[in-house]
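Colleague: Below: one structure in structure tokens.
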Amino acid sequence: MASVNFGMLFVGRLVSGMGIGLSALAPVFLVEICNPDSRGAFAVIYPLFITFGQLLSTGWQLLHMRIVDNLDEFGKPFALNDMDKFIWRAAQGLPIICSVIGLVLIHFVFTYNTPCELIAAGKTDEARDLIAKLHDVILVDKIYNEFDRDQEVAKTTPNIPFIKAIRNPKYRKPIVHSFVLAALQQLTGITILTSNVAELFAQFMGRTYKSTVMCSLINIINFICTIVLSLIINKYGRKTLLTYGMAVSTLFCTLAAFSKPIGKEASWVGISTAVGSFGFVLGFALSMGGVTWVYLSEVYANEYKNGAYSIAVFINWMCASISLIISEFLISYSEVLVNVILFGFCIFNLIYVIIFIKETKGVPPGKAYD
């Protein structure tokens with residue numbers, strides 16, 4: 001927010017990026033405090049607020065009420081007014097407010113360990129008291145017994161390091177499949193699409209404020225679909241939504257990938273590509289966008305969850321960075337090539353989910369691949 005040069009901005013974004021990575025612990029915390037019957041809906045709260053933040057950021061940028069570019073309409077350096085500067089710096093400062101609120105809540109409100117942690121440590125009375133505070137008193141026995149069943153191994157087994165867990169055939173399968181899922185969430189192209197959506201609309205609407213407003217529809221669709229996901233995930237399960245959602249994304253990605261090679265410079269190409277992008281986001285939000293975080297928080301057994309989940313988050317963000325960096329060069333060479341590559345990842349993702357990914361709905365943590 002206070003940066004005066006690129007170096008300060010880079011360091012600030014780097015440090016804040018570390019915080020964003022650590023925030024991925026949120027769905028694990030939510031799963032460990034909620035009623036096991038509704039853990040899917042609770043874990044979706046994390047991606048729901050991610051999409052809300054993206055929507056809020058997009059809406060805030062629209063306050064410029066004009067296109068902010070390097071050059072103005074006369075080819076001269078663009079002149080920023082005080083309002084432009086305020087909007088930009090306020091957008092950088094908003095995370096500060098959210099972070100302070102988070103710190104206050106963590107240190108003064110949510111000061112307790114989760115019931116799962118308390119049970120694993122043998123603090124049964126504290127666990128039951130906490131469950132009574134978080135849920136209806138009449139549900140204490142039911143929820144405690146389910147948590148206790150899930151922690152059965154963890155109570156007698158120390159935390160297993162990741163290297164040791166990956167060598168164990170019992171743990172290897174869920175670890176490998178979850179890592180692939182974490183990577184594919186980014187490699188299917190959602191980060192590339194949301195980062196380059198302005199260029200997409202500029203192709204057939206021109207570089208106008210109207211096209212910028214249309215870009216915000218991507219984030220609106222993403223947010224609304226994530227709300228819908230929170231309402232249906234406990235009913236339909238994780239694998240079902242991953243399968244059908246990715247089928248929708250793959251279908252619409254076909255439009256985005258092959259409209260231009262087929263239509264060349266036809267007037268319908270831009271519209272077809274935009275429709276494909278909107279449809280891709282719709283399917284993604286109902287599947288990989290939110291379900292992946294739910295899946296990662298459920299698929300590991302408690303004795304090796306810490307190490308495996310951390311590596312999965314690292315893989316997810318690493319793939320996001322790599323795909324974004326590489327796409328910048330590839331888009332300048334051939335946008336069609338990028339879309340075809342993403343289409344290939346969508347096909348692979350769909351096939352992988354159908355063949356290898358197991359359902360975790362109603363299954364104790366770490367038992368899906370037994």
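Colleague: Would you check if there is a residue in the range 216-237 being assigned to a helix (DSSP H, G or I), of a type in the set (A, V, I, L, M) and in contact with a Cys (Cβ under 9 Å, 6 or more places away or on another chain)? Let's see the steps before the verdict.
Modeller: First pass over the range 216-237, keeping only residues assigned to a helix (DSSP H, G or I): 216-236.
Adding the requirement that they be of a type in the set (A, V, I, L, M) leaves 217-218, 220-221, 224, 227-229, 231-233.
Keeping just the survivors that are in contact with a Cys (Cβ under 9 Å, 6 or more places away or on another chain) gives none.
No, the range 216-237 contains no residue that is assigned to a helix (DSSP H, G or I), of a type in the set (A, V, I, L, M) and in contact with a Cys (Cβ under 9 Å, 6 or more places away or on another chain).
Colleague: Across the range 78-89, what is the number of residues that are small (Gly, Ala, Ser) and in contact with a Leu (Cβ under 7 Å, 6 or more places away or on another chain)?
Modeller: 0
Colleague: Say whether the condition of being more than 27 Å from Leu25 (Cα to Cα), at pLDDT 90 or above and either surrounded by fewer than 19 Cβ atoms within 10 Å (Cβ to Cβ) or in contact with a Phe, Trp or Tyr (Cβ under 7 Å, 6 or more places away or on another chain) (or both) is met by at least one residue in the range 260-279.
Modeller: Within the range 260-279 (the criterion being more than 27 Å from Leu25 (Cα to Cα), at pLDDT 90 or above and either surrounded by fewer than 19 Cβ atoms within 10 Å (Cβ to Cβ) or in contact with a Phe, Trp or Tyr (Cβ under 7 Å, 6 or more places away or on another chain) (or both)), the answer is yes, since at least one residue qualifies.
Colleague: Only one of Ala301, Ala312 is touching a Gly at 6+ places or on another chain (Cβ under 6 Å), closer than 30 Å to Ala121 by Cα and among the aliphatic types (A, V, I, L, M). Can you tell me which? Even if it seems obvious, please write down each step before you answer.
Modeller: On the way: Ala312 fails: touching a Gly at 6+ places or on another chain (Cβ under 6 Å).
Being touching a Gly at 6+ places or on another chain (Cβ under 6 Å), closer than 30 Å to Ala121 by Cα and among the aliphatic types (A, V, I, L, M) holds for just one of Ala301, Ala312, which is Ala301.
Colleague: In the range 113-146, which residue that is among the hydroxyl-bearing types (Ser, Thr, Tyr) and surrounded by 15 or more Cβ atoms within 10 Å (Cβ to Cβ) is nearest to the chain's Cα centre (by Cα)?
Modeller: Taking the candidates together, the pick is Thr114.
Let's see how each residue does on (1) out of contact with any Phe, Trp or Tyr (no Cβ under 8 Å at 6 or more places or on another chain); (2) modelled with pLDDT of 80 or more; (3) assigned to a helix (DSSP H, G or I):
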position	(1), (2), (3)
Leu22	yes, no, yes
Pro27	no, yes, yes
Val31	no, yes, yes
Arg39	yes, yes, yes
Tyr46	no, yes, yes
Leu55	no, yes, yes
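Colleague: Oh, and also: Report whether or not Arg128 is more than 20 Å from Val299 (Cα to Cα) and in contact with a helix residue (DSSP H, G or I) (Cβ under 8 Å, 6 or more places away or on another chain). Break it down stepwise before answering.
Modeller: Working: more than 20 Å from Val299 (Cα to Cα): yes; in contact with a helix residue (DSSP H, G or I) (Cβ under 8 Å, 6 or more places away or on another chain): yes.
Spelling it out, Arg128 is indeed more than 20 Å from Val299 (Cα to Cα) and in contact with a helix residue (DSSP H, G or I) (Cβ under 8 Å, 6 or more places away or on another chain).
Colleague: Something else: Tally time: how many residues in the range 289-319 are in a helix (DSSP H, G or I) and over 11 Å from Arg238 (Cβ atoms)?
Modeller: Count: 16.
Colleague: So is Leu324 within 16 Å of the chain's Cα centre (by Cα), of a type in the set (A, V, I, L, M) and modelled with pLDDT under 90 or not?
Modeller: When the stated conditions are applied, Leu324 passes them.
The values are calculated or read from the model by the stated rules, or taken from the named source; none is laboratory data. Since this is a predicted model, take the numbers as computed values, not measurements. Note: ideal-geometry Cβ built from the backbone for every residue, glycine included; neighbour counts use all protein chains shown.
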